[in-house]
Structures are given as C-alpha cells and as structure tokens.
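Before any comments, here is the structure.
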Amino acid sequence: MKLSKNHKMEIAVFALAIILRTVFFWFNLAAHNYDLMGTIWKSESYYELAGNMLAGHGFSSVTSEPFSPDSLRVPLYPLFLAAIMKVFQTNWMIVVIQIILGSVIPVFAKRIGQYILANEKIALAVGIFFAIEPLLVDLSGVMLTETLFLTIFFGSLIALCKYLENEKFYHLAASAVLLGLATLTRPVTQYLWVFIV
C-alpha cells in the first residue's frame, strides 16, 4: 500500500509526538527516583475511584469505609483507568496508552485544521504545535483527564466536520456519541451542542 503525502506527514507528526512524550516521561520518572506512581499519580482521586470500582466499593474516592459516593468527578476517566488496570494488571499500561492517545491528538488537530483552514501547511503547523506543546507533552504521562478528553473531543469534531462535508448521518451520530463521551470525561463540553445546533 502506497501512502499519500498527507499520510506520511501525519505519521511524522505522530512519531514526533510519541518520541517527545516518551522522552519527557522518562526524564520525569528519573526525577521521581523511578517511582511510577509518584510520577503519574495526581491528587485528583481518579486512581482511587478506579481502584474502588474494581474492588466493588462503587464510585467512591474514599479509601476506607464507609465508601461514600463521589459527586465531584464524571465517570469515564475512572472507568478508563479501571479497565486498563483490570485487563493489563499493571499501572505501566496507563502510561503507555496515554502516551499513544497523547500522540494521536496532534494528528487529530492537523485533520481539524485541514477541514477548517483548507491549507495543508497551516494544518501541518497546527499538528506540529500540538506535538511539541509542553503542557500536552506533560499531561500524556500523568493520571489526569485531559489526554483522554482531547482525544475523544477531537474525534467528535472530526466526525462533525465529515458530516458537514458529506451530510452522512452516521458521521453526525458518531460525533454526537463522541461528544457525549467527551462530556463524561470532562463536563466542560456539556453545552457545546447548543453552539453546534
């Protein structure tokens, strides 16, 4: 299969992003004396929520009885963590999967740029910016919602752009489902549908 110039550029953006995120994570890990949990754990209670769900204590961030429900967090990111922990039985896979997702974000940003700007060079610059932006590089290696949220949200925007381009219902349905999932990851998008309509 012969790759187009556009696909080659997207592979290059993805490769740049994954290299930067991996290198930064290893420097961060070394700065934390190679303590994985000390490197990736943040005091936002997502890990505790995931652990309690796996232990059958419900959606609670409390680490001892009584396990009162948590009303501050939305459920998708803790479910994402719980699924990884259950399937792979290691916290290392949280980092691996988030670095991969974090490296997909620049490719998605490039595609959104192509739809909005219709200029290949500017879209590539957008992709490169998202690949090297320091905060996004850092967030790929810690347990916070931003990486999963941006991946799902950008997927929703791409599906919406495709719908506006060809008016096929399944693109609109995919955009709506992904927007709902993005909202269940970070509620910041809960009113975005009003602007889309």
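The values are calculated or read from the model by the stated rules, or taken from the named source; none is laboratory data. Every value quoted in this text rests on a predicted model; they were computed, and no experiment measured them. Cβ: placed from backbone, ideal geometry, glycine included. Neighbour counts: every protein chain shown. Side chains are part of the model used for accessible areas, which takes the heavy atoms of the whole protein and leaves out ligands, DNA and RNA. Shrake-Rupley method; radii C 1.70, N 1.55, O 1.52, S 1.80 Å.
So which pairs qualify, if the first residue must be in segment 76-95 and in contact (Cβ under 8 Å) with a residue 40 or more places away in the chain and more than 21 Å from Arg21 (Cβ to Cβ), the second must be in a helix (DSSP H, G or I) and hydrophobic (A, V, I, L, M, F, W, C), the Cβ gap must be under 9 Å, and the two must be at least 6 apart or on different chains?
Note: pairs meeting the criteria are Leu76/Leu148; Leu76/Phe149; Leu76/Ile152; Leu76/Leu181; Leu76/Ala182; Leu76/Leu184.
Residues that are hydroxyl-bearing (Ser, Thr, Tyr), open to solvent by 70 Å² or more (accessible area, probe 1.4 Å) and over 25 Å from His32 (Cβ atoms): does segment 172-183 have at least one?
Looking only at segment 172-183, we keep the residues that are hydroxyl-bearing (Ser, Thr, Tyr), and these are 175, 183.
Then keep just the ones that are open to solvent by 70 Å² or more (accessible area, probe 1.4 Å); that gives none.
Within segment 172-183 (the criterion being hydroxyl-bearing (Ser, Thr, Tyr), open to solvent by 70 Å² or more (accessible area, probe 1.4 Å) and over 25 Å from His32 (Cβ atoms)), the answer is no, since none of the residues qualifies.
So which of Ala182, Ala176 is among the aliphatic types (A, V, I, L, M) and closer than 24 Å to Arg21 by Cα? Please lay out each step first, then the result.
On the way: Ala176 fails: closer than 24 Å to Arg21 by Cα.
Answer to the selection: Ala182.
Of everything in segment 184-197, what is among the β-branched types (Val, Ile, Thr), surrounded by fewer than 18 Cβ atoms within 10 Å (Cβ to Cβ), in contact with a helix residue (DSSP H, G or I) (Cβ under 9 Å, 6 or more places away or on another chain) and farther than 14 Å from Leu157 by Cα? Give them in sequence order.
Val188
Could you grab me the full set of residues in segment 20-38 that are within 19 Å of Thr90 (Cα to Cα) and among the charged types (D, E, K, R)?
Within segment 20-38, Asp35 is the sole residue that qualifies.
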